[in-house]
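No value in this document is a laboratory result; all are computed from the given coordinates. Since this is a predicted model, take the numbers as computed values, not measurements. Cβ: placed from backbone, ideal geometry, glycine included. Neighbour counts: every protein chain shown.
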Amino acid sequence: MPLALSGDSSRRRPVPLTLLLILLTAAVSVASLGSGASGLTLADFADGLWGQGLDQRSGVILWDIRLPRLAMGLAVGAALAVSGALLQGLFRNPLADPGIVGVGAGSSLGAVLAIVLGGLLPPGLAVWAGVHLVPFAAFLGGLSVTLLLYAVATRAGQTSVATMLLAGIALGAIAAGVTGILIYLADDRQLRDVTFWSMGSLAGASWERIGGALPLILPALLLAPFLARGLNALALGEAQALHLGVRVQLLKRAAVFASAAATGAAVAIAGGIGFVGIVVPHLIRLVGGPDHRALLPQSALLGGSLLVLADMVARGVVAPAELPIGIVTACIGAPVFLWILLGRRGLMGL
Amino acid sequence: MLEASGIDVVVARRPVLSGVGFSARPGDVTAIIGPNGSGKTTLLRALTGELAYRGSVRLNGMDVAATPPRRLAAIRAVLAQSTQVAFPFTAGEIVRLGLEAGSGPADDGLVLRLLAEVDLAGAAARPYHQLSGGEQARVQLARILAQARTPVTPHGPGWLFLDEPVASLDIAHQLMVMRIARGFADAGGGVVMVLHDLNLTAMVADRVLLLKSGAILAKGGVDEVLTNALLAEAFGCPIRVGTPPLRGPWVLPQSAGATLP
């Protein structure tokens, strides 16, 4: 046999890329902690921590402003990127993105619904629901849209790209319309809450908000790796995945729930931040290949780092004012989306 | 042993298969033949549990409809007529999917050996999308062979279900597929395949199932099923079966002017 190959070139090595991304995440995190409107730098914090202790102002800035903002950036970026990768695996299409196919709009509707109608809950229940109400409502909104979308766009195990994108636009428009009605009905206080929330920013970061979203984001991120093998098989179609031993219905439900939970919670605490879910997995696939076992954790790392980086840009370009981070991600993400679309035009017959 | 009895399949309220029953033995190559729309692919999809059916299908004694996919995947692999791959996987990664789904010992070299076996040595790192149609079909075949890498598993004989495995292949690669199927059966596994080519059927099959309009017209050995009368009745055109000097019958289509026997 004319085989002079040593080792198995069919398997790509995911570790160096994962390691690189961990280093990137660490570097970005450190840089983010060291920059901000107050002008305090890492050196100031380090001096304080290793010396006589942080003074009160520096302490508040580090622990209550910069750290929660960093944590929220990492969590939201990871949630959006993994959610995108899961949706793309589920729809077998690299163009599926929570923001594009209407899942983000569904989450927004859920969140606004909770803000405007949350006051109608019995007081005891409202207190009990507390910080979890808006994230959970956003999760339910995203889940509903994802389920509807899958039902509309999938026939006999194959998903039509055109149907998926068009149905996503329609469902997103319906969700946005209902959201508009709710905003019209809202009173002044609720309006302020909705406006503040919908700006799409990490500026509202607090440990309390993060605590409200983590019960949805963490399980989704932890569940994702268990879906990786099934999503790899699903790339060959539902029938082939079944023959490869995958419980397809269970896999699809888990992917829908995980991506809706992650998107919902991210949208609930950070507003509409687009394109992270499409750009990040695409970049990972370009460099490391499409194997979901590497793609999902690597997307989480790159998504977190990129969002923190985008947040630094949003804080930096018009300092001391802040650009909404959604504008930054859209300026980078939309061209990448077009680039993917043009590259695949021939394949999709669009 | 594959035992199917009383298989009915209804698609969109139209009966596609009615009352199909047969059995296939490990060690045999069983060919399913018949005209377009006779239900060959539907039967294969029912046999592999992909399609809902009424009736009973038992594979190595297990009820296919009630067995978890994972356990089925350990004893049988299925090659579809065509497979579209969603993301930019390499040929080697596709074959590896089969490796992970099957059971039995596997080493890292198996992916490369199987690609070489389907005449794709050195293609492991090539993107699947850049391969020709025939090459893609052979990558999928290598994936199936990786999944069913042991013709005899700890859970009984292994099985290959192949739906038109030669549809996009040139004649040399068609013969290669037949050789692989024959080898798998000779090593103790079972092979069930849908074929359009009656001469390949005559060459490789031990048992033949002839379908017409969703029902079995004939089943049995090659000599019993590949006859002038049965083939003409199934396909609705005059067909002559002859016997060459070497071995096995051959089948010739007759010109349009000829009449049914």
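Structure notes:
- Farthest towards the positive end of the charge dipole of chain B, among the residues B:30, B:171, B:200, is the Cα of B:30, using unit charges on the Cβ of Lys, Arg, Asp and Glu.
- Structural descriptor for region B:1-97: relative contact order 28 percent, calculated from alpha carbon pairs under 8 angstrom and at least 6 residues apart.
- Packing rank of A:136-145, A:174-183, where each peptide gets the mean count of other beta carbons within 10 Å, highest leading: A:136-145, A:174-183
- Length available on full extension from residue A:317 to residue A:222: 0.36 nm per residue minus the Cα-Cα distance, which gives 30.7 nm.
- Förster radius 41 Å - calculated FRET efficiency between residue B:121 and residue B:196, Cβ distance, rounded to 0.05: 0.90
- Looking at region B:2-221, the DSSP beta bridges with both ends there are about 60 percent antiparallel.
- Among B:64, B:228, B:95 - extreme Cα towards positive end, dipole of the protein assembly as shown, charges at beta-carbon: B:228
- Segments A:35-48, B:16-29, A:229-242, B:187-200 sorted - mean Cβ within 10 Å per residue, highest first: A:229-242, B:187-200, B:16-29, A:35-48
- Residue among B:75, B:171, B:32 with the largest mean-square fluctuation in a Gaussian network model of chain B, springs linking Cα atoms under 10 Å: B:171
- Per-residue ellipticity at 222 nm, computed for chain B from helices alone with -39500 (n - 2.57) per DSSP H run of at least four residues, works out to -9500 deg cm²/dmol.
- For peptide B:142-153, the mean count of partner chain Cβ atoms within 10 Å of a residue's Cβ comes to 1.
- Per-residue shielding of A:228-234, expressed as the average number of other chain Cβ atoms within 10 Å of the residue Cβ, stands at 3.
- According to the calculation over all Cα-Cα pairs in region A:137-296, the P(r) per 10 Å bin from zero is 9, 31, 37, 16, 5, 0 %.
- Placed amide H near residue A:102: partners under 5 Å, 5+ positions off or other chain: none
- Overall dimensions of the protein assembly as shown by Cα: Rg and Dmax, Å: 29.3, 106
- For the protein assembly as shown, DSSP calls about 65 percent of its internal beta bridges antiparallel.
- Mean shadow area of chain B, taken as a quarter of the surface of its Cα convex hull (nm²): 14.7 nm²
- Region B:154-200 versus region B:1-66: alpha-carbon centroid distance in Å: 17 Å
- Given +1 at the Cβ of Lys and Arg, -1 at the Cβ of Asp and Glu and no other charges, the dipole of region B:2-221 around its Cα centre is 540 debye to the nearest 20.
- Solvent-free Debye scattering, log10 I(q)/I(0), computed from the Cα coordinates of region A:26-93 at q = 0.23 Å⁻¹: -0.95
- Alpha carbon convex hull of region B:46-134, volume per residue in cubic angstrom: 121 Å³
- If R0 is taken as 25 Å, the Cβ-Cβ distance between residue A:208 and residue A:20 corresponds to a FRET efficiency of 0.15.
- Approximating the spin labels as points 7 Å out from Cα along Cα→Cβ, the residue A:151-to-residue A:249 distance works out to 1.5 nm.
- By average C-beta atoms within 10 angstrom, highest first, the peptides A:77-86, B:151-160: A:77-86, B:151-160
- Charge dipole (chain A, unit charges on Cβ, about Cα centre) - positive-most of A:147, A:218, A:321: A:147
- Relative contact order of region B:2-221, defined on C-alpha pairs under 8 angstrom at six or more residues apart (%): 31 percent
- Radius, Kirkwood style, for region A:76-343 when every pair of distinct Cα atoms is counted (Å): 18.4 Å
- Once the Cβ-Cβ distance of residue A:342 and residue B:223 is raised to the sixth power relative to R0 = 45 Å, the FRET efficiency obtained is 0.15.
- Where only DSSP H runs of four or more residues are counted, chain A gives -24500 deg cm²/dmol as its mean residue ellipticity at 222 nm, each run worth -39500 (n - 2.57).
- Each residue in A:117, A:244 was given a count of other beta-carbon atoms within 10 angstrom of its own, and listing them fewest first yields A:117, A:244.
- Partner chain coverage, peptide A:289-297 - average Cβ within 10 angstrom: 2
- When trypsin sites (Lys or Arg not before Pro) are flagged only if DSSP places them in a loop and at most 15 other Cβ atoms lie within 10 Å, the longest unflagged stretch of chain B comes out as B:14-246.
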